[in-house]
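Structure incoming, see below.
The values are calculated or read from the model by the stated rules, or taken from the named source; none is laboratory data. This is a predicted model, so every value here is computed, not measured. Cβ sites come from the backbone with ideal geometry, for glycine too, and all protein chains shown count toward neighbours.
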Amino acid sequence: MSARSGHSRPVDGGWAGCVVLVLASSTGGVGQHVTSLARGLVAGGATVIVCGPVATEAQFAFTATGARFVPIEIPANPTPADARAIAGLRRVLAGPVDVVHAHGLRAGLVAALARPTQPLVVTWHNAVLAGGLRGRVSRWVERLVARRARVALGASADLVERAVTLGATDARLAPVAAPTLPTPSRGRAAVRAEFGVAADQPLLLSVGRLHPQKRYDVLAEAAAQWRDLDPPPVVLIAGSGPSYLPLAAHISQVRAPITLLGHRTDVADLLAGADLALVTSDWEARQLFTQEALHSGVPLVATAVGGIPELVGDAAVLVPAGDVDALDRAVRDLIADDGRRADLSRRGMARAGTWPTEAHTVAEVAALYAELAPTPALPSDLSPRRDHGRG
């Protein structure tokens, strides 16, 4: 068993093979990452087939990248219907395919059970946090996927270590770059006016799927304590998910000044109007909103979990997961200290400048495919441009 902390060496030319990208139900980071890979790989000369639920194509428009989309329903949890997904994937893999790349453990399970003759790559995007029967099943899935993947890619170092512990023969770190945010279409004043935020009133923002892992209950408890501030902050949470109803009820119960915005496509605008960004999760790898906040120069308070500390370094304020009082103190201190917020803003943008870009991420993946399934390299004038960043 081995773990590689570095990345595969990018090839000089593009990779001209055929890859099947597999994903399960996704409304956020995994779907965005697959879209980014598909776009970059197609531009580099590869043939890309994306297999996943119909809803993912509706949201992420994989075919707009030049990829072919094949509907294969893989829900968030294993069901007897997985047999149809496995059969559907086998039909796709019967064609001229060079590499199979599954994203997430659910997609990894379906791909592993399809027993492809091609090299199987699985990217681990999330840790298993569930307990009880669901947790035992998930840990069985982890073990099976780790042992059947030719290469396990971890979005953070702890996921790489986990894959090795469970039997992966080749596990490597493969940071997932956040897609570049568009230039905000509205200014700070216009964004704040939408939510009735006064000029001197703090606006706090969190973006993520409404799921127990995100621990928005902790944010609600802390926000309820901020009502005694003058002026009290406005807290926005952008995102959708299965926790909407219980979270809305909890926010109402504790009388937290939080507005649930639902799914938003204007995160760049929301960040332009925000004074602080908040991440309260029990675990994250390279959470996209964390990256977006630092890229945008918005001071960040986040939990010291998973890959977040290695991602942000000293460019954010880190607090223990589940600690309402620590979150409360961190936010109060930053609201009261203009100089510290300005310093964090500078540090955040500098830190973000050291991260791999989308183009670098695509180049690393193409290099891995070339290693596993060599194909004639494209002429250099047809190769995709690759920006390796400054780190």
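From the list ARG192, ARG227, ARG215, which one is of a type in the set (Lys, Arg), free of Cβ contacts under 8 Å to residues at least 60 places away in the same chain and not assigned by TED's automatic domain parsing to the domain that holds VAL151?
Among ARG192, ARG227, ARG215, only ARG227 is of a type in the set (Lys, Arg), free of Cβ contacts under 8 Å to residues at least 60 places away in the same chain and not assigned by TED's automatic domain parsing to the domain that holds VAL151.
Another one. Report, ordered by the first and then the second residue, all pairs with beta carbons closer than 8 Å, sequence separation of six or more or different chains, a first member in the range 64-89 that is at pLDDT 95 or above, and a second member that is in a strand (DSSP E or B) and acidic (Asp, Glu).
Within 8 Å, no pair qualifies.
So LEU21 fits all but one of (1) touching a residue at least 40 places away in the same chain (Cβ under 8 Å); (2) at positive phi; what number is the exception?
(2)
Within the range 244-263, work out how many residues are modelled with pLDDT of 95 or more and part of a loop (DSSP other than H, G, I, E, B).
Here the count works out to 3.
So in the range 176-230, with the set limited to residues that are buried (at least 19 other Cβ atoms within 10 Å of the Cβ) and hydroxyl-bearing (Ser, Thr, Tyr), which one is nearest to VAL362 (Cα to Cα)?
SER206
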